[in-house]
Amino acid sequence: MEERAEKAVALMKGGYNCAQAVACAFAEEAGADKATIFRIAEGFGSGMGTMQGVCGALVGAVMLAGLSRSTAHLEHPDSKPQTAALARTLMKAFEQEAGAIYCKDLKGVATGKPLLSCHDCVRLACRLAAREVFPEKA
């Protein structure tokens, strides 16, 4: 799935934010419309546009968890526990590998020492999505 990560980086270089890049790179696997994913993910880039929130690339991977695990039973939601467990797995793995999950910490705002570039955050989120969300396609 390294090609998926590089596809996401290419999307980012083309103007997508980090959340859009990760989520849209897996649109086909998620069985979702790329334009809809793009629109939903628009406000989640750069730590929700402020660098104060969770890394947008990680948010994109968590969006994929919902797209892949939700049963979409609107009257009787029943898949939240499985999706939440997968989101926790993604967050823990991302933090373990990157050293942080918040955009400002990854960018080294307080320390002046970035932990990962945005492109490397996107690559990591894609690797985790491939491994944890879509293992059958990895």
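The values are calculated or read from the model by the stated rules, or taken from the named source; none is laboratory data. Please read all numbers here as calculations on a predicted model, not as lab measurements. So basically every Cβ, Gly included, is an ideal-geometry build from the backbone, and we count neighbours across all protein chains shown. Remember, those area values only see protein heavy atoms, side chains included, never the ligands or the DNA or RNA. Shrake-Rupley method; radii C 1.70, N 1.55, O 1.52, S 1.80 Å.
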For this session: Set the Förster radius R0 to 35 Å, insert the Cβ-Cβ distance between ASP78 and SER117 as r into 1/(1 + (r/R0)^6), and round the FRET efficiency to 0.05.
Result: 0.35
Problem set entry | Pairs of Lys in the chain closer than 28 Å at Cα, counting only those 8 or more apart or on different chains | 24
Seminar exercise, completed: About its Cα centre, the chain carries a charge dipole, from +1 on Lys and Arg Cβ atoms and -1 on Asp and Glu Cβ atoms, whose size in debye to the nearest 20 is 320 debye
Exercise. For the stretch 1-62, with every protein chain kept in place, what is the accessible area per residue (1.4 Å probe, Å²)?
Worked result: 45 Å²
For this session: Using Cα pairs closer than 8 Å and at least 6 residues apart in sequence, work out the relative contact order for the chain, in percent.
Result: 28 percent
Exercise. How much length is gained if the chain between GLU6 and GLU95 is pulled fully straight, taking 0.36 nm per residue apart and subtracting their Cα-Cα distance, in nm to one decimal?
Worked result: 29.9 nm
For this session: Could you pull out every whole DSSP H run in the chain that spans at least 24 Å of Cα extent along its own axis and averages -0.5 or higher on the Kyte-Doolittle scale?
Result: 80-98
Exercise. Among residues other than PRO114 whose Cβ falls under 14 Å from its Cβ, what is the net charge (Lys/Arg +1, Asp/Glu -1)?
Worked result: +1
Problem set entry | Measure of compaction for the chain (Cα Rg per 2.2 N^0.38 Å) | 0.99
Exercise. Listed highest first by mean packing, meaning other Cβ atoms within 10 Å per residue, what order do 48-60, 8-20, 65-77 come in?
Worked result: 48-60, 8-20, 65-77
Problem set entry | Leading residue at positive end of dipole, the chain (Cβ point charges), from SER79, VAL59, PHE134 | VAL59
